[in-house]
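Novice: Take a look at the following structure, please.
What follows is calculated from the coordinates using simple rules that are stated; it is not laboratory data. Note that the coordinates shown come from a computational prediction; the quantities given were computed from them, not determined experimentally. Cβ: placed from backbone, ideal geometry, glycine included. Neighbour counts: every protein chain shown.
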Amino acid sequence: MTNVPHLESESRTIRLPLGRDPDQLRIFVIRGDLRSITGYGRATQALARLLSERFEVIGVDLHPNPADAGGHFPYPIIQDSEIPKYIVGAKPPPIILTYSTPDTYIYYPGAINIGSLYWETEAIPFKASWNEFVQCMDYFWAPTTFVAEFVRRCGYTGPISIITWPHDLQPITNSEEISGLEADFVATMTTAPNPPKVPLSKLRNRSGHIFLAIQSLAPRKGLPILLSEWRDYVGSRSTEDLLLLKLRFIHSSRIRESPIAQLKEMLQDAGFRHGESVSIAIISEDLSDNATQALYVLADVCISASYGEGFGGSVAEGLCHNRLVIAPRHTGMSDLLSPDYPLTVQHMSRHVALRGLTGIYPYSSQWRLPRRGGLRSAIEAFSAMSHDDRRMALSSARSYLSTFCSEGSVRTSLSAFFEALNVAEACECA
């Protein structure tokens, strides 16, 4: 893998309005998911903020969804057809980053073309010609080492830099954002059609720990295994502990009309039987970004059973909010958690076809499945940790995360890339 060296830089440029002298501030176009509240969208928005410190940022929203447009992209948005006018006669040439899956890549002659994506398995979607699209880019920004290795497998031989999703390790989160919010609370497995709505503040007043999982219904997120392991945990003891699921019912072809009915079906599939303790609360409604972030403050620990991640947004955000995480250490998450992190979940690699997976994933995809009992063991390990043990583990984990994806670390990586790019352009002009 080729990486430009890391160089420190404190340079900041004041943003100028469009229509200024093109020599004053270079154009940077981001093509991607600009306004959604998905991980892709939030990563794009965070990276755009850092890029705006030195460039005039413009966006192209590749697949806008009015039902999922709660994200904020405070820069001009244009159409692909308008990009050529920013290229003609521009010196230096504009930089165009396509922050999306390779089937959306377009090579623009006269510009600097950069590709970047999140991907969760080694399998290449050859039917979608991903390898050809990847190889047409001038440069590549990989958000994790795992994605960088995937890009090499696609046959890309150009420069790759690790430019990841920047995170603020001291986010400003108002815990009052949960005021008035409710969750559907399933205390025990019953035949009642609808569980009661319970205020989140009342759930927090319980004496047990709150284990928080923020995810979609994508099959690779491992919800069936999480529910099965949770059943084994609460069925083995008397506990006030609670699993809080913030589920977005997207990214699956097996979504029912009623989230609660689908949850009950999943509970049955996970082995819960009538009268057994469940202790699960679910929020299926979309929340504001502030309210979603406040859930981390409400919880004691975050949990993930994911089979594969291009990055691992909920893992990073949990640590940013001073919460330990229970998660496997593989794929993109290997860059987020240290090898000696004490709450990792043991896993095994398998080539399996997941039910409900979108068609872009090849049937040969390799996934990392949590080993039977792995999540339960990690839950028990967290419960047994002393306050001091938790504090030391959290401090170490946040330090490790900071060196990879803090805003300062990503600024340094960006500075190194642009320093090398300036040298390369100067050599071409000489």
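Novice: Can you give the % of DSSP beta bridges in the chain that are antiparallel, to the nearest 5?
Specialist: Here the antiparallel bridges make up roughly 20 percent for the chain.
Novice: Right, another one. If you take the alpha carbon radius of gyration of segment 175-388 and divide it by 2.2 N^0.38 Å, what ratio comes out, to two decimals?
Specialist: So segment 175-388 has a normalised radius of gyration of 0.97.
Novice: How would you rank TYR75, TYR40, going from fewest to most other Cβ atoms within 10 Å of each one's own Cβ?
Specialist: On the way: TYR75 20, TYR40 23.
Ordered by Cβ neighbours within 10 Å, fewest first: TYR75, TYR40.
Novice: How much net charge surrounds ILE250 when only other residues with a Cβ under 15 Å from its Cβ are counted (Lys, Arg +1; Asp, Glu -1)?
Specialist: Around ILE250, the surrounding residues sum to +2.
Novice: For a label point 7 Å from the Cα of HIS63 along Cα→C-beta, name the residues of segment 247-285 whose backbone N is under 12 Å from it.
Specialist: Label zone hits: 251-252.
Novice: Rg and Dmax of the chain, using alpha carbons, in Å: what are they?
Specialist: Cα-based Rg and Dmax for the chain come out at 22.5, 78 Å.
Novice: Quick one: HIS63, HIS330, HIS251, fewest Cβ neighbours within 10 Å first, how do they rank?
Specialist: Details: HIS63 13, HIS330 22, HIS251 17.
Listed from fewest to most nearby Cβ atoms, that is HIS63, HIS251, HIS330.
Novice: Write down the Kirkwood hydrodynamic radius of segment 289-430, to one decimal in angstroms, obtained as one divided by the mean of 1/r over all alpha carbon pairs.
Specialist: 17.3
Novice: Another question about this same structure. From the cross-link list LYS197/LYS221; LYS221/LYS246; LYS197/LYS246, which pairs have alpha carbons spaced over 21 Å apart?
Specialist: Beyond 21 Å between Cα atoms: LYS197/LYS221.
Novice: Sum up the charges of everything whose Cβ sits under 12 Å from the Cβ of THR101, counting Lys and Arg as +1 and Asp and Glu as -1, but leave THR101 out.
Specialist: Details: positive: ARG31; negative: ASP33, ASP103, GLU120.
In short, -2.
Novice: Turning to a different aspect of this structure: Let me check against my output: what whole-number percent is the relative contact order of the chain, with C-alpha pairs under 8 Å and at least 6 apart?
Specialist: 17
Novice: Ok, one more. Between GLU380 and GLU276, what FRET efficiency follows from the Cβ-Cβ distance if R0 is 25 Å, with the result rounded to 0.05?
Specialist: Calculated value: 0.85.
Novice: Hey, what's the per residue convex hull volume over the C-alpha atoms of segment 115-170, in cubic angstrom?
Specialist: Given the Cα convex hull of segment 115-170, per-residue volume reads 80 Å³.
Novice: When the chain is modelled as a GNM with alpha-carbon springs shorter than 10 Å, which of GLY32, GLY41, GLY158 fluctuates the most?
Specialist: GLY158
Novice: Which longest uninterrupted range of the chain lacks any GluC sites (Glu not before Pro) assigned by DSSP to a loop state (not H, G, I, E or B) and surrounded by at most 15 other Cβ atoms within 10 Å?
Specialist: 54-239
Novice: Still on this model: For CYS136, CYS405, CYS429, CYS154, which order do you get if you count the other beta carbons within 10 Å of each Cβ and list the fewest first?
Specialist: In order of increasing Cβ crowding within 10 Å: CYS429, CYS136, CYS154, CYS405.
Novice: Which residue fluctuates most in the GNM of the chain (Cα springs below 10 Å): PRO93, PRO166, PRO76?
Specialist: It is PRO76.
Novice: Also: Taking only Cα atoms and a 10 Å spring cutoff, compute GNM fluctuations for the chain and point out the largest among HIS321, HIS167, HIS387.
Specialist: Among HIS321, HIS167, HIS387, the largest GNM mean-square fluctuation belongs to HIS387.
Novice: Along its principal axes, what span do the Cα atoms of segment 172-224 show, with the longest given first and each in whole Å?
Specialist: Result, largest extent first: 33, 29, 20 Å.
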